[in-house]
Amino acid sequence: MPHVIGTAGHVDHGKSALVLALTGTDPDRLAEEKARGLTIDLGFAWSSLPSGREVGFVDVPGHERFVHNMLAGVGGVDCALFVVDASEGWRPQSAEHLAILDLLGIATGVVALSKVDLVDDATRASVTEAVTARIAGTSLAGSAIVPTSAPNGLGLDELRATLDQALDRVPEPPDRGRPRLAVDRVFSVRGSGTVVTGTLIGGTFRSDVEAELLPIGRRVRIRALQSHGRPVAIADPARRLAVNLAGVATDEVTRGDVLVLPNQWRPTTTVDCRLRCLASAPAPLRGRGAYLLYAGAAETATRLQPLDTHEVRPGEAALVRLHLEHPLVLDLGEPVVLRDTGRDETVGGGTVLDPFPVGEVHGTTARVRRVEELEAREAALRDDDRAGLLGLVLAERGSVARADLSMLVGAGAEPVQGMLAAAVEAGSAVGSRGLAWSPAAWDAARTAVLEAVRRHHKEEPLAPGLPAQAARRVAAAAPHVAAHPGGPRGSGGGTDGARGTGRSGAAGGGAGGSSGAGNAGGAEVVDALLREGRLILDGAAVRLPDHGVQLDPAQAKARARVEEAVAERGVAALTEADLAALGADRRLVAALCRQGVLTALAPGLYVGARVLDQAVAILRREFPGDRTFTASDARETLGTTRKTVIPLLEFLDRAAITFRSGDKRRLSPPG
Ligand SMILES: Nc1nc2c(ncn2[C@@H]2O[C@H](COP(=O)(O)OP(=O)(O)OP(=O)(O)O)[C@@H](O)[C@H]2O)c(=O)[nH]1
Ligand SMILES: [Mg+2]
């Protein structure tokens, strides 16, 4: 299994010299680097260790001015080669680089005590002791310390063997079926076009597949893959990779972009984290401060919003919402590093607990609830309990598009569908066609629809029911108040209401967007109620099963008068005014149309429904087969007026009972 080793340590301490000695490749490629004897940007090399294991090296600059480049390279590293110059001892960027490795949770490393050719044994011993003390209490605590001298090869075999042993302890890199490559270098190769490099994590890449560059959202094609100088057809996680891309120009890609497979990732600008302020930080982390956030190979300015405290004091940790200036592609559990923009120093970092938080956190109630949610997420992430995360996501959002679940839970699409099926089985989730729901949200949406229909029946007893479109809207807008460990969520209150209406959220119009079911979700709720027989579809309306149109005594009398008038008049249209004179207002007329008493020939013009059938029968008898007739033929045959016969024939035309050609008509074949 391939691994990636990243160097770290103060400027000039011998990092690049060691990489050159271990791999035969000088990682300093830039002319300026060679001229100044200083690493400016990331360097790359590879080699095999005594066990035969292949390793890639990312060589970082030690100079304090280039810490941002160091941060861009250290992202996907799974083992640190931490270099301390025996003749200089511990220096400021020794401390800063160690803090960064610690914040990123890089738990495997080897310390190379370099330039031991320049010091006596006593100095070597005292620097070793000092380094041991410095790394104690960090993720590199207890790492082996190997004395080396790159120019004369001293200690290099031991360093190789020690790195090999350290890599034995690196856990298998997770393959979640959601590969991601943080681009740390872009260049073009004559004849091949754009090539990006980076460390692949979270899944495999294949050549000749569609991919997506984020945050720009550009579809590209992976033309070819190369790892450690050789072409590969498939690349596993935790490996340095060069990817030849079709469909994008070199100058359209920059360091910090992320190469992923389509529809698996989305950039975000709001992120909830557990953030730690370094004990060495000169000031607490504050909402007013200006910071830069580093994740993967990307960086952006960010504002902090502490959630469970006012400020994060040195040596302490807190839950903090980050408001990013530029969108980043972040995963659940992703480590991030924070630098103070003004002081230009690393001041903290932590772990992403929610890359797509829903709604804003204003006011104490919302804050307390959010803190509880984030603590629950933290516990689930600690245990890598993705099924638990699924439950939390549903509880927070009410309903989620099935297609977004994988991203929100941070697991592959297939395992997530399995988790959802198990949750549905256990009654802790509900699945509709395109959505997954918390049971509480599902019930709330259904109850809201049934209530709305009931209310409509009461307000409009003559109407067949609530228009289905309106019912879907009611379901879509239902506040998806989710069940919560601390008790049910309040239904009032500004923030609660806002949560229900599904505010824009953080996912760039995507997964972070709506906590509501949205239009599709509304339709799914109504469909479910129809399938279960809780609602009946009546034309374009939905009604409760026991709803029938009820006429009050006055309306029943008016209906009798209308029926009488219709029978008396024969084929003669009634206007709204005629019907009003009989006591039938518009609503009653609409109900009488639905009840089969009247038929509307045109807006505001009615005939008796049975009269219409009789008229058609008469016309068929008089003009059988293909016999044509004019409007006045029909008027005479039916014994009616021009005022009635024209709209009547136009009605029959529309119903395809008659066909018109010029001023002649014929009847359609019966049946
Ligand atoms: N005597 C001696 N000199 C060394 C040793 N390792 C490196 N050097 C020298 O120290 C200088 C700095 O070494 P680099 O490898 O460039 O240091 P670096 O840590 O990569 O420096 P940055 O990348 O700029 O942070 C060079 O002149 C090296 O030749 C060593 O073990 N012994
Ligand atoms: Mg260097």
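Laboratory data are not the source of any read-out in this text; all were calculated from the coordinates shown. This structure is a prediction, so every number in the text was calculated from the model and none was measured. Here Cβ is always computed from backbone atoms with ideal geometry, including for glycine, and neighbour counts include all displayed protein chains.
If each residue's Cβ is checked for other Cβ atoms within 10 Å, how do L574, L167 rank with the fewest at the top?
Numbers: L574 24, L167 21.
The fewest-first ordering by Cβ neighbours comes to L167, L574.
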| remark: So, for the Cα atoms of the chain, Rg and Dmax in Å stand at 36.5, 126
| What ranking, highest mean first, results for peptides 114-120, 3-9 when packing means the other Cβ atoms within 10 Å averaged over each residue? | 3-9, 114-120
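I'm checking a number: the convex hull volume of the Cα atoms of region 180-260, normalised per residue, in Å³. What is it?
Values: hull volume 6.3 nm³, N = 81.
About 77 Å³ per residue, rounded to a whole number.
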| field | Cα-centred dipole magnitude for the chain, charges only on beta-carbon of K, R (+1) and D, E (-1), debye, nearest 20 | value | 3020 debye
| query | Where the centre of each part is set by its Cα atoms, how far does region 7-42 sit from region 142-213, in angstrom? | reply | 17 Å
| Principal-axis tilt of helix 553-569 within the chain, Cα atoms, nearest 10 degrees | 60 degrees
| Degrees, to the nearest 10: 609-622 long Cα axis against longest axis of the chain | 70 degrees
| message | Which of R239, R382 has the fewest other C-beta atoms within 10 Å, and how do the rest follow up to the most? | response | R382, R239
| remark: In degrees rounded to 10, the 0-90 angle between helix 364-382 Cα long axis and the longest Cα principal axis of the chain is 60 degrees
| query | So what are the ³J(HN,Hα) numbers for region 649-659, from phi and the Karplus equation (6.51, -1.76, 1.60; θ = phi - 60°), rounded to whole Hz, Gly and Pro as x? | reply | 5, 5, 4, 5, 4, 4, 7, 6, 8, 10, 10
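Under a Cβ-Cβ cut-off of 14 Å, what is the net charge of the residues other than A233 that fall near it, where Lys and Arg count +1 and Asp and Glu count -1?
Computed value for this residue: +2.
Could you compute the FRET efficiency for D26 and E158, with r as their C-beta to C-beta distance and R0 at 30 Å, rounded to 0.05? List each step's numbers first, then the result.
Details: r = 22 Å, r/R0 = 0.74.
With a Förster radius of 30 Å, E is 0.85.
When averaged across all projection directions, what area in nm² does the alpha-carbon convex hull of region 553-667 cover?
Details: hull surface 27.1 nm².
That works out to 6.8 nm².
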| task | Go ahead and estimate [θ] at 222 nm for the chain from helices alone: -39,500 (n - 2.57) per DSSP H run with n ≥ 4, summed, over the residue count, rounded to 500. | result | -11000 deg cm²/dmol
| task | For region 534-568 and region 359-426, write down the distance between their C-alpha centroids in whole Å. | result | 49 Å
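Between E568 and D653, what is the FRET efficiency for a Förster distance of 25 Å, r being their Cβ-Cβ separation, to the nearest 0.05?
Details: r = 27 Å, r/R0 = 1.09.
For E568 and D653, the calculated efficiency is 0.35.
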